[in-house]
1. On the basis of being under 28 Å from CYS23 (Cβ atoms) and not in a loop (DSSP other than H, G, I, E, B), does PHE88 make the cut?
2. Scan the stretch 23-55 for residues that are surrounded by 12 or more Cβ atoms within 10 Å (Cβ to Cβ) and either of a type outside the set (Gly, Ala, Ser) or touching a strand residue (DSSP E or B) at 6+ places or on another chain (Cβ under 6 Å) (or both) and report the count.
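The values are calculated or read from the model by the stated rules, or taken from the named source; none is laboratory data. What you are looking at is a predicted structure, and each value in this text was computed from that prediction instead of being measured. Please note: Cβ atoms are built from the backbone with ideal geometry, for glycine as well, and neighbour counts cover all protein chains shown.
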Amino acid sequence: DYDFGKLTVYLPEVMTKELHNVCKEHGFPEIGMHGLRHSFASLCYFLGIPEAECMKWGGWSDPEVMRKIYTHIAEMMHQDCRGKLRAFFRGWQVYTTTHPEALQAPPEAAAGMAG
C-alpha cells in the first residue's frame, strides 16, 4: 500500500541506542521503543487520525490495544481540561471577591433589559 523507498533493517538494540542518543542530544527524557510507539498512538489521537490508519502505520493488529491507549490518553486529556476549568473558576472567584463591580451589568445592558 505504501512506497517507503529503500528500507534498512536494524537490530532492536541499535535502534534503542540511537533513540536514546537522539533524546539525549535534544534534551528529551530517554524513551524506549515501546514508549515511542505509545507516543505515536497518542499523537495520532491528538491529531484526529482515524484509528484504522494509526493501526496500519503503527503495526497494531488488535483494535482493543489501540482503544486502551486512546482511552488512557483521552482520560488524561479530560483530567487536564477539568483542572483548567477549576483553575479558571477559582481565579474568577478570587477576582470577583476583590472586584465586585465585575459582577454588575453595565448601565447600557440594564437599560436594554428594562425596555
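1. Details: under 28 Å from CYS23 (Cβ atoms): no; not in a loop (DSSP other than H, G, I, E, B): yes.
No, not satisfied.
2. Summing the residues that are surrounded by 12 or more Cβ atoms within 10 Å (Cβ to Cβ) and either of a type outside the set (Gly, Ala, Ser) or touching a strand residue (DSSP E or B) at 6+ places or on another chain (Cβ under 6 Å) (or both) in the stretch 23-55 gives 14.
For (1) in a helix (DSSP H, G or I); (2) surrounded by 10 or more Cβ atoms within 10 Å (Cβ to Cβ); (3) touching a helix residue (DSSP H, G or I) at 6+ places or on another chain (Cβ under 9 Å); (4) at pLDDT 80 or above, each residue gets a yes or a no:
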site: TRP57; (1), (2), (3), (4): yes, yes, yes, yes
site: SER61; (1), (2), (3), (4): no, no, yes, yes
site: MET66; (1), (2), (3), (4): yes, yes, yes, no
site: TYR70; (1), (2), (3), (4): yes, yes, yes, no
site: ARG82; (1), (2), (3), (4): yes, yes, no, yes
site: THR96; (1), (2), (3), (4): yes, yes, yes, no
site: GLU108; (1), (2), (3), (4): yes, no, no, no
